[in-house]
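Please see the structure below; I have some questions.
The values are calculated or read from the model by the stated rules, or taken from the named source; none is laboratory data. Predicted, not measured: the structure shown is a model, and the values here were computed from it. We place every Cβ from the backbone using ideal geometry, glycine too, and count neighbours over all the protein chains shown.
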Amino acid sequence: MNLPSAMTGRRFTLILLGISASVLNCLSQVKTETRLAEEVSRSRLLSQVRDLVGFGPRIGGTSSGEKAASYIVRTFRETGYNPSVVKDPSHLTFEYKAWTLAVEEPRQLRKLIRNEWIGGFSPSVAGTSSELVYLKDVGKATKAAAVGKAILTGSSFSEKEYRRLAEYGATCILQISPRLDDAYSNWAFINDLSPSKKNPIPLFNLSYRNGESLIRALGDSEKVVIRFSTKTAIDSTRPKTVVATLDGESDKYYIVCAHGDSDSGGPGADDNASGVSTVLETARILKKLVATHQISRPRYSIKFIVWGAEIFSTESYVKLHAKELRKILGVLNLDEVGIGASRNCLYFESNDVSQNDSLMKVLDSLACEYAGKTGFWSEATTNPSQGGTDSYVFFPQYLRRLKVPEVKIPSVTIYTAAWNELKAIPQTPGWKSKAWHGPEDTVYVDYSPYYHSSLDVPERTTEKEPFNMVVAAKAVGIALVRLAW
Ligand SMILES: [Zn+2]
């Protein structure tokens, strides 16, 4: 019988055609990913961070936040986008205009203050000289000890204790940074006062060593006098969030985002000018590949978003889009991709929530394929939730809190460092990545010694380890090619 053999022959041809089509697809995908990776510009990534840090802390709604938002709009426009600016609801913001802090007496300590930093929500005060007194425990302060004095302390204090010190007549507080193995010895961890227009006295954050030097001087019965002044603005303002869309065939979309403010109120090069710069660079490259027909228009749209204020602006976005949250196919949030003190690792968080499974598998598989290749990460892993960044706003329990539909949106944060010391966290069972060089059951979360500090500046972070942003941009770009096309 001829018929079956003819059928078999046709089927064989179809199978062959099918195989060759998928091989071609695969080849063109590899080509696209290679082109994309080649296009990532280290110098652009670095200069964008320098530019952003140059504006100041970029708190959404303040003048440096406005400058940063305009810069982001301009950069999106220059790369072919038509960005929109969303004015978020108003919230209380802090901006310093100027501040000074110096030791007046003893003379030999006059050059001590170098990398200290003003605490957020400090009020404006004219130049004041005060004798310094060390209080080990602020909670035990007496009026006699505090009146007319600048208070030096290493302890944390409550709102109530702060207000009591002011009532006793203290003029300001100098808080000493915590002692960690690798952080804050010569630079200051930035603590803020509670957001309020009515805080009575300013707060300054001191490096650990300078705190020690002052305690020693006081212990030697030396009289220590400091002089300080602050000019600040505390107002209700509206952060600006910038959105640029790469249009796809569908109005369903992926979000690639980063918080645009330095949430510590410091320079924020790693946290989070690095994330913003990586969003801008990924957006530029994908637009260029589409515009030059090196890649087709994507199946799904991609929204590149720089939040005016971390969490606050993200919450506002979710509330504003409450009726169309189902259109969001996934969120890739970049937060701290500028440094990694102890490993060269790219992390993908959160692998412990079920709606993230398929997105995490895409990320983990590309992480394994490229790990160790020239120009890529040497190590990568997914890790369980740690919280505290914009990706969490898209999770069902958070959506419930915001009283919007509890849609299951896959949402991931990509980073190279978190916190200020190495943290070991149990790995989610089943998620040991082939790209992870550490133990199977533990993830060592890398850190930044400059986390939320006065020296989270480009020279210490992004300039020292420029490859972090480069590999983050490559990973996000490749992930999008696999997800949105
Ligand atoms: Zn951050």
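Condition (residue is out of contact with any Cys (no Cβ under 7 Å at 6 or more places or on another chain), within 18 Å of Arg58 (Cβ to Cβ) and more than 16 Å from the ligand (Cβ to nearest atom)) applied to region 262-277: is it met by at least one residue?
Here is the first cut: in region 262-277, the residues out of contact with any Cys (no Cβ under 7 Å at 6 or more places or on another chain) are 262-277.
Right, trim to within 18 Å of Arg58 (Cβ to Cβ) and you get 262-277.
Of the ones still in play, those that are also more than 16 Å from the ligand (Cβ to nearest atom) are none.
No, every residue in region 262-277 fails to be out of contact with any Cys (no Cβ under 7 Å at 6 or more places or on another chain), within 18 Å of Arg58 (Cβ to Cβ) and more than 16 Å from the ligand (Cβ to nearest atom).
Scan Ala479, Ala484 and give me the residue that is under 15 Å from Phe348 (Cα atoms) and among the small types (Gly, Ala, Ser). Quick ask: steps written out before the conclusion?
On the way: Ala484 fails: under 15 Å from Phe348 (Cα atoms).
Checking each option against the conditions leaves just Ala479.
Sort through Ser411, Ser385, Ser391 and tell me the only one that's touching a Gly at 6+ places or on another chain (Cβ under 9 Å), over 22 Å from Asn344 (Cβ atoms) and among the small types (Gly, Ala, Ser). Step through it out loud before you land on a result.
On the way: Ser385 fails: touching a Gly at 6+ places or on another chain (Cβ under 9 Å); Ser391 fails: touching a Gly at 6+ places or on another chain (Cβ under 9 Å).
Unique residue meeting the criteria: Ser411.
For Ile72, only one of the following conditions fails: (1) crowded, with 19+ Cβ neighbours inside 10 Å; (2) on the phi > 0 side of the Ramachandran plot. What is its number?
Among (1) crowded, with 19+ Cβ neighbours inside 10 Å; (2) on the phi > 0 side of the Ramachandran plot, the lone unmet condition for Ile72 is (2).
Report, ordered by the first and then the second residue, all pairs with beta carbons closer than 7 Å, sequence separation of six or more or different chains, a first member in region 364-391 that is at positive phi, and a second member that is surrounded by 19 or more Cβ atoms within 10 Å (Cβ to Cβ) and of a type in the set (Gly, Ala, Ser).
Gly375/Ala37
Among the residues of region 371-393 satisfying the criterion of being assigned to a loop (DSSP other than H, G, I, E, B) and among the small types (Gly, Ala, Ser), which is nearest to the ligand (Cβ to nearest atom)?
The first filter runs over region 371-393 and keeps only residues assigned to a loop (DSSP other than H, G, I, E, B), leaving 371-378, 384-389.
This time we only want the ones that are among the small types (Gly, Ala, Ser), so: 371-372, 375, 378, 385, 387-388.
On the way: Ala371: 25, Gly372: 28, Gly375: 26, Ser378: 24, Ser385: 15, Gly387: 12, Gly388: 8 Å.
Within region 371-393, the match that is nearest to the ligand (Cβ to nearest atom) is Gly388.
Right, here's the next one. For region 436-448, give me each residue that is surrounded by fewer than 23 Cβ atoms within 10 Å (Cβ to Cβ) and part of a loop (DSSP other than H, G, I, E, B).
His437, Gly438, Pro439, Glu440, Asp441
Quick check on Glu349: is it within 16 Å of the ligand (Cβ to nearest atom), closer than 29 Å to Arg44 by Cα and assigned by TED's automatic domain parsing to the domain that holds Ala418?
Values: within 16 Å of the ligand (Cβ to nearest atom): yes; closer than 29 Å to Arg44 by Cα: yes; assigned by TED's automatic domain parsing to the domain that holds Ala418: yes.
For Glu349, the condition - within 16 Å of the ligand (Cβ to nearest atom), closer than 29 Å to Arg44 by Cα and assigned by TED's automatic domain parsing to the domain that holds Ala418 - is met.
Specify which of the listed residues (Ala258, Ala244, Ala291) is out of contact with any Asp or Glu (no Cβ under 6 Å at 6 or more places or on another chain), touching a residue at least 12 places away in the same chain (Cβ under 8 Å) and within 16 Å of the ligand (Cβ to nearest atom).
On the way: Ala244 fails: within 16 Å of the ligand (Cβ to nearest atom); Ala291 fails: within 16 Å of the ligand (Cβ to nearest atom).
One residue alone meets the criteria, Ala258.
Moving on. Do you know which residues across region 228-241 are within 21 Å of Ile190 (Cβ to Cβ) and either without any contact (Cβ under 8 Å) to a residue 12 or more places away in the chain or more than 16 Å from the ligand (Cβ to nearest atom) (or both)?
We begin by selecting, within region 228-241, every residue within 21 Å of Ile190 (Cβ to Cβ); these are 228-235, 237, 239.
Of everything in region 228-241, those that are within 21 Å of Ile190 (Cβ to Cβ) and either without any contact (Cβ under 8 Å) to a residue 12 or more places away in the chain or more than 16 Å from the ligand (Cβ to nearest atom) (or both) turn out to be Phe228, Ser229, Thr230, Lys231, Thr232, Ala233, Ile234, Asp235, Thr237.
A quick yes/no check of all residues on (1) touching an Asp or Glu at 6+ places or on another chain (Cβ under 6 Å); (2) at pLDDT below 95:
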site	(1), (2)
Ser158	no, no
Glu161	no, no
Cys172	no, no
Ser194	yes, no
Asn199	no, no
Asn210	no, no
Asp220	no, yes
Val225	yes, no
Ser236	no, no
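Could you list, ordered by first residue, the pairs with Cβ atoms under 6 Å in which the first is in region 184-197 and within 15 Å of Glu161 (Cβ to Cβ) and the second is not in a loop (DSSP other than H, G, I, E, B), at least 6 apart or interchain?
Pairs found: Asn191/Gln175; Asn191/Asn205; Leu193/Leu203; Ser194/Glu159.
Just give me the residues in region 314-330 being within 22 Å of Ser262 (Cα to Cα) and either away from the ligand (no atom under 16 Å from the Cβ) or out of contact with any helix residue (DSSP H, G or I) (no Cβ under 8 Å at 6 or more places or on another chain) (or both), in sequence order. Spell out how you get there, then give the answer.
Of all residues in region 314-330, those within 22 Å of Ser262 (Cα to Cα) come to 314-318.
The answer is Ser316, Tyr317, Val318.
State whether one or more residues within region 191-200 are in contact with a strand residue (DSSP E or B) (Cβ under 7 Å, 6 or more places away or on another chain), assigned by TED's automatic domain parsing to the domain that holds Lys149, under 18 Å from Ala102 (Cα atoms) and polar (S, T, N, Q).
Filtering region 191-200 down to residues in contact with a strand residue (DSSP E or B) (Cβ under 7 Å, 6 or more places away or on another chain) leaves 191, 193, 195, 197.
Then drop every residue that is not assigned by TED's automatic domain parsing to the domain that holds Lys149, which leaves 191, 193, 195, 197.
Applying the additional criterion that residues be under 18 Å from Ala102 (Cα atoms) yields none.
No, because not a single residue in region 191-200 is in contact with a strand residue (DSSP E or B) (Cβ under 7 Å, 6 or more places away or on another chain), assigned by TED's automatic domain parsing to the domain that holds Lys149, under 18 Å from Ala102 (Cα atoms) and polar (S, T, N, Q).
Here is a further query. Would you point out which residue out of Arg297, Arg284 is more than 16 Å from the ligand (Cβ to nearest atom) and either outside any helix (DSSP H, G or I) or of a type in the set (S, T, N, Q) (or both)? Steps first, please.
Values: Arg284 fails: either outside any helix (DSSP H, G or I) or of a type in the set (S, T, N, Q) (or both).
Going through Arg297, Arg284 in turn, the sole match is Arg297.
Taking the condition under 30 Å from Arg482 (Cβ atoms) and among the charged types (D, E, K, R), does Asp271 pass? Break it down stepwise before answering.
Values: under 30 Å from Arg482 (Cβ atoms): yes; among the charged types (D, E, K, R): yes.
In short, yes.
I would also like to ask the following. Where the second residue is of a type in the set (Asp, Glu) and modelled with pLDDT of 95 or more and the first is farther than 11 Å from Leu246 by Cβ and lies in region 68-86, which pairs have Cβ atoms under 7 Å and are six or more apart or on separate chains?
Tyr71/Asp51
Quick check on region 331-338. Is at least one of its residues within 15 Å of the ligand (Cβ to nearest atom) and assigned to a helix (DSSP H, G or I)?
no
So which strands (runs of 3 or more DSSP E) stay within region 70-154 end to end and still have 2 or more residues that are assigned by TED's automatic domain parsing to the domain that holds Val225 and of a type in the set (Asp, Glu)? Give the derivation first.
Working: elements: 84-87, 91-105, 125-134, 149-153.
Fully inside region 70-154 and qualifying: 91-105.
Do you know which residues across region 394-415 are in contact with a Phe, Trp or Tyr (Cβ under 7 Å, 6 or more places away or on another chain) and assigned to a loop (DSSP other than H, G, I, E, B)? Quick ask: steps written out before the conclusion?
Residues of region 394-415 that are in contact with a Phe, Trp or Tyr (Cβ under 7 Å, 6 or more places away or on another chain), as a first pass: 398, 409, 411-412, 414-415.
Passing the criteria: only Ile409.
Moving to a separate point now. When you scan region 416-431, how many residues do you find that are part of a loop (DSSP other than H, G, I, E, B) and either touching a residue at least 24 places away in the same chain (Cβ under 8 Å) or under 26 Å from Ser274 (Cβ atoms) (or both)? Spell out the reasoning first.
Taking region 416-431 first, the residues part of a loop (DSSP other than H, G, I, E, B) are 416-422, 427-431.
From what is left, the residues that are either touching a residue at least 24 places away in the same chain (Cβ under 8 Å) or under 26 Å from Ser274 (Cβ atoms) (or both) are 416-422, 427-428, 431.
Going through region 416-431 one residue at a time, the tally reaches 10.
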